[in-house]
Amino acid sequence: MYVAVKGGERAIDNAHRLLAEDRRGKTSTPDLTVDQIREQMKLAVDRVMTEGSVYDPDLAALALKQARGDMIEAIFLVRAYRTTLARFGSSLPVETGSMKIDRRISAAFKDVPGGQILGPTFDYTHRLIDFKLAADGGDPEEAISMDDAMPQARHVLDLLAGEGLVETPEASQDQAPPGDITRTPVEFPMDRSTRLQSLARGDEGFLLALGYSTQRGYARTHPFAGEIRVGRVAVEFQPEELGFPIQIGEMEMTECNMINQFQGSKTVPPQFTRGYGIALGHGERKAMAMALVDRSLRAGELGEERTAPSQDEEFVLSHCDNVQATGFVEHLKLPHYVDFQSELNLVRKMRRQVEDGIAFAGKEAAE
Amino acid sequence: MSTETQDDGLEYNFAYLDEQTKRMIRRALLKAVAVPGYQVPFAGREMPMPYGWGTGGIQVTASILEPDDVLKVIDQGADDTTNAVSIRKFFQRVAGVATTEKTEGATLIQTRHRIPEMPLHEGQILVYQVPIPEPLRFLEPRETETRKMHALEEYGLMHVKLYEDIARHGHIATTYAYPVKVNDRYIMDPSPTPKFDNPKMNRCAALQLFGAGREKRIYAVPPYTDVVSLDFEDHPFEIQAWDNPCSLCGETNSFLDEVIMDDQGTRMFVCSDTDHCTTRQQQGYQGPGQEAAE
């Protein structure tokens, strides 16, 4: 006898208990602390902050612990928390030009004022599994510290801008307050500030693949990594009643300025154009991919023909948010009995028609 | 508005959303009611459930819920499917409102994929969870284009699609999310409800609100508004029909779910609307399945 699927409530409660057990793993292994995650899984924490759109390493580390290391789940937790926070104002734009630098490289010039600073990077490591880490690697050797703590340097692109070889960012847009997709509904076409916000929150993997596609001929933009810098920037806030800004803290950020070749148009002489990428914490891959896609999306503005996915604003920006994407893909797990029933009936009806048709044709042929 | 303190010590505003957000959503709702069938963009928030789990409907419900409301939540017509249970629990927790499984006793019904079989009455609100609010989306993927098409009432593409169905199959091959025209102006997606439910939307006494969280759109059908399913004079709109009545309650005029009973593939047909089915059984109605079991 059929009994309707009851007990959803009990099943959900028990599923939550199983999840909590699985998250903890074997209790003979010590529980992971949020401090350990924040200090030793820093790049994961940084990605959760960037795509979760909130600078809070402790919160991101906790989200990673709760999400069992699933990045998108952790990003989702942070986003859902973020929407409940009250806003008391906007900071002034952070000045990345006066960043206290940990790492700063330019692939366009052999040397630049302020110097090339490698900093902590995987770039020149050999990817050999370090088994010492498994057997208690101990504390690492101390690195040689730089002469003056945290140097500062001008943007490499500013040096070229003086000659007019590189475009200067559009001044008119600089004056307008930047858009905010978390407070106003998205409209297409998007202005560049809103577009950059979407990309900054966008999925690293998705942007990486799109950026990669531009290097393989789908909307080629001839990019050079003009500058990548990682370091700490001051965050300033100007309370209305005070009349002057006060520094309320510091954030670590990664910024990428791509330089791209541009043939020029009827009104603009040939010059280099820019693609811009930024991430919270240390996130070079994200910042670079974002810069490639940003430049690609400027096709319309620069009068280039749009032929590739990376140039299609609606395609890129409607699908780059991984919290939205994972939600809609995974919602297919929810029951669809009713729709499927409707389709079942339809396919049966259509099959009957086809079978009747075949029978009729057979009968005619036999006659 | 009061805040609700939970057992675990967490405090949320009544019905989770803060009052500023509710006000923003209510404004969108007012506009939606004023222009029936028009998709109003709204700044949808991230909710503590995933996109695709009904975040649009949940935001609409959270914005209009009042402390003395009686809430019913259904998914696939049933009150006891896992996601319906989860959403009902959410509002019990953050709003402390009374809940019910009875269609008649509810002041606010949040639904996914069905409209209750029992006709709704004045004063009730039906909130739909919507995945893709744009009825033209699968004909034209670009929002910039579809908004223009709505503005110019340029719906030829949709009629061509339906005509091509008839040319190929002899009938319109859309069984759910069947497009409707609202108040003789906007073509609207009724959310993925089966076309069986389309006639219930027409001149419905209840207010119907639609929320799409991921796509950030709200639309509405005010009470007693004309909602016409698209068709042709020589191919009029028709709803699904079943050869059998409901096995449990004997109903012949409800949407039936097909249940596979055993490895031999024995089928059984039962009402998808669980409240409708249990109410009828309590009234003494029996289906062929019940009689056989006795």
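Tabulated data for the structure shown
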read-out: Set B:K195/B:K216; A:K333/B:K200; B:K22/B:K200 screened for pairs whose C-alpha atoms are more than 26 Å apart; value: A:K333/B:K200; B:K22/B:K200
read-out: All aspartates and glutamates inside 15 Å of A:K132 as judged from Cα atoms, apart from same-chain residues fewer than 8 positions distant; value: A:E141
read-out: 24 Å Cα-Cα reach of A:K100 towards lysines, excluding residues that sit fewer than 8 places from it in its own chain; value: A:K42, A:K110, A:K286
read-out: Relative contact order %, chain A, counting alpha carbon pairs below 8 Å whose residues are six or more apart; value: 16 percent
read-out: Heavy-atom surface of the range A:224-302, accessible at 1.4 Å and reported per residue (Å²); value: 41 Å²
read-out: Debye, to nearest 20: dipole size of the range B:66-107, +1 on Lys, Arg Cβ, -1 on Asp, Glu Cβ; value: 180 debye
read-out: Highest-MSF residue in chain A out of A:D312, A:D180, A:D22 [GNM, Cα springs under 10 Å]; value: A:D22
read-out: By average C-beta atoms within 10 angstrom, highest first, the peptides A:72-84, A:90-102; value: A:72-84, A:90-102
read-out: Convex hull volume of the range B:70-133 per residue (C-alpha atoms, cubic angstrom); value: 91 Å³
read-out: Cα-based radius of gyration of the range A:5-159 once divided by 2.2 N^0.38 Å, which approximates compact folds; value: 1.43
read-out: Per residue accessible area in Å² of the range A:9-82, where ligands, DNA and RNA are left out and the probe is 1.4 Å; value: 60 Å²
read-out: Chain A - percent of accessible surface contributed by carbon and sulfur, probe 1.4 Å; value: 57 percent
read-out: Computed over the range B:172-294, Kirkwood Rh from alpha-carbon pairs, angstrom; value: 16.7 Å
read-out: Local net charge near A:K110, Cβ-Cβ under 15 Å (Lys/Arg +1, Asp/Glu -1); value: -1
read-out: Solvent-accessible heavy-atom area per residue, rounded to whole Å², over chain B at 1.4 Å; value: 42 Å²
read-out: Shielding score for A:323-331, defined as the mean number of other chain Cβ atoms within 10 Å; value: 6
read-out: Local net charge near A:T326, Cβ-Cβ under 11 Å (Lys/Arg +1, Asp/Glu -1); value: -4
read-out: Calculated log₁₀ intensity ratio I(q)/I(0) where the Debye formula runs over C-alpha points of chain A, q = 0.10, 0.12, 0.13 Å⁻¹; value: -0.79, -1.05, -1.19
read-out: Carbon/sulfur fraction of accessible area - chain B, other protein chains in place, 1.4 Å, %; value: 50 percent
read-out: The range A:147-265 - Debye-derived log10 I(q)/I(0), Cα point model, q = 0.18 Å⁻¹; value: -1.48
read-out: Expected 222 nm ellipticity per residue - DSSP helices of 4 or more, -39500 (n - 2.57), all of chain A, to 500; value: -12500 deg cm²/dmol
read-out: Cα Rg, Dmax (largest Cα-Cα span) when computed across chain B, Å; value: 20.0, 63
read-out: Signed unit charges on C-beta, dipole axis of the range B:16-63, positive-most listed residue B:T55, B:F42, B:Y16; value: B:F42
read-out: Rg/Rh for the protein assembly as shown, where both radii come from Cα atoms and Rh is the Kirkwood radius; value: 1.02
read-out: Gaussian network model of chain B, springs between alpha carbon atoms under 10 Å - residue of B:T99, B:T174, B:T111 with greatest fluctuation; value: B:T174
read-out: Efficiency of FRET between A:R220 and B:E233 - r from beta-carbon atoms, R0 51 angstrom, step 0.05; value: 0.40
read-out: Sites A:A143 and B:I132 - FRET efficiency at Förster radius 41 Å, r taken between beta-carbons, to 0.05; value: 0.20
read-out: Debye log10 I(q)/I(0) at q = 0.11, 0.19 Å⁻¹ for the range A:246-367, Cα point scatterers; value: -0.68, -1.10
read-out: Efficiency of FRET from Cβ geometry, A:K363 and A:L18, R₀ 45 Å, rounded to 0.05; value: 0.15
read-out: B versus A: buried accessible surface, summed, Å² (probe 1.4 Å, to nearest 100); value: 4400 Å²
read-out: Estimated vicinal HN-Hα couplings, Hz - the range B:63-74 in sequence order (Karplus 6.51, -1.76, 1.60; Gly, Pro = x); value: 7, 10, 5, 10, x, 9, 5, 10, 9, 10, 10, 10
read-out: Gaussian network model of chain A, Cα within-10 Å springs - most flexible of A:I259, A:I129, A:I12; value: A:I129
read-out: Stokes-Einstein D for the range A:9-82, Kirkwood Rh over Cα pairs, 20 °C, 1.002 mPa s (µm²/s); value: 167 µm²/s
read-out: At 0.692 mPa s and 37 °C, Stokes D of the range B:165-237 from Kirkwood alpha-carbon radius, µm² per second; value: 250 µm²/s
read-out: Local net charge near A:Q36, Cβ-Cβ under 14 Å (Lys/Arg +1, Asp/Glu -1); value: -1
read-out: Percent RCO, i.e. relative contact order, over chain B, from Cα pairs under 8 Å lying at least 6 residues apart; value: 20 percent
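The values are calculated or read from the model by the stated rules, or taken from the named source; none is laboratory data. Computed from a predicted structure; not experimentally measured. When we count neighbours, we look across all protein chains shown, and the Cβ atoms used for this are built from the backbone with ideal geometry, even at glycine. Heads up: the accessible areas ignore ligands, DNA and RNA and are worked out on the full protein's heavy atoms, side chains in. Shrake-Rupley method; radii C 1.70, N 1.55, O 1.52, S 1.80 Å.
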